[in-house]
1. Does Val88 meet the test of being crowded, with 19+ Cβ neighbours inside 10 Å, of a type in the set (A, V, I, L, M, F, W, C) and touching a His at 6+ places or on another chain (Cβ under 8 Å)?
2. Out of all the residues in the stretch 109-126, is one or more crowded, with 17+ Cβ neighbours inside 10 Å and free of Cβ contacts under 8 Å to residues at least 60 places away in the same chain?
3. For the stretch 36-46, indicate whether the set of residues that are among the basic types (Lys, Arg), closer than 27 Å to Asp139 by Cβ and assigned to a strand (DSSP E or B) is non-empty.
4. Can you name every residue in the stretch 4-46 that is farther than 20 Å from Asp81 by Cα, among the charged types (D, E, K, R) and either touching a residue at least 24 places away in the same chain (Cβ under 8 Å) or in contact with a His (Cβ under 7 Å, 6 or more places away or on another chain) (or both)?
5. Within the stretch 91-108, restricting attention to residues that are of a type outside the set (Lys, Arg) and surrounded by fewer than 14 Cβ atoms within 10 Å (Cβ to Cβ), which residue is nearest to Tyr10 (Cα to Cα)?
6. Could you tell me how many of the residues in the stretch 99-133 are touching a strand residue (DSSP E or B) at 6+ places or on another chain (Cβ under 8 Å), assigned to a loop (DSSP other than H, G, I, E, B), closer than 13 Å to Met77 by Cα and not hydrophobic (A, V, I, L, M, F, W, C)?
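Throughout, read-outs are computed from the coordinates displayed, never taken from laboratory work. The model shown is predicted, which means the values in this text are computed figures rather than measured ones. Counting neighbours? That spans all protein chains shown, and the Cβs are built from the backbone with ideal geometry, glycine included.
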Amino acid sequence: MEYRKYGNIYALRVDRGGEVMQALTELAERENIRTAKIEGLGAADYLSVGLYDVEKQKFEVHEYREPLEITSLIGSMTRMDKKPYLHVHINAADADNRAIGGHLNAVRISGTAELFVTVLDGEIGRKKDPAGTGLNIFDFGERKEK
């Protein structure tokens, strides 16, 4: 992984054999990023994605071990329990141009990945959803009245 900062944007390259979620977590820790949006693309040879079933409160996970083109990677970087919290979704295409997508668990890069992390002012945390979905939702903290 290599990266540079341009204003409030980090340009991040993940090289062959690197894992994107690990690289993003490492960036967040090194640079103390509190809140950001993530976008990117690249090429992969391993992908683990999930679909969250709200009723069962669990992820159904699917793994792919084949050449894939990452056509879109988008997400958020926040904090939960004082640690980086990534919520990322991905779309990828196989050799027949069939789309695969979902909640990103892991993706290993086969060529390169180009990511942009745009840091936002302020901090958004996470908390368990009081509606009982089992999800960790945005926590904007206490609202301060003017």
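1. Against the criterion (crowded, with 19+ Cβ neighbours inside 10 Å, of a type in the set (A, V, I, L, M, F, W, C) and touching a His at 6+ places or on another chain (Cβ under 8 Å)), Val88 qualifies.
2. yes
3. yes
4. Within the stretch 4-46, Lys5, Arg13, Asp15, Arg16, Glu19, Glu39, Asp45 meet the criteria.
5. Ranking the candidates gives Ala99 first.
6. Result for the stretch 99-133: 1.
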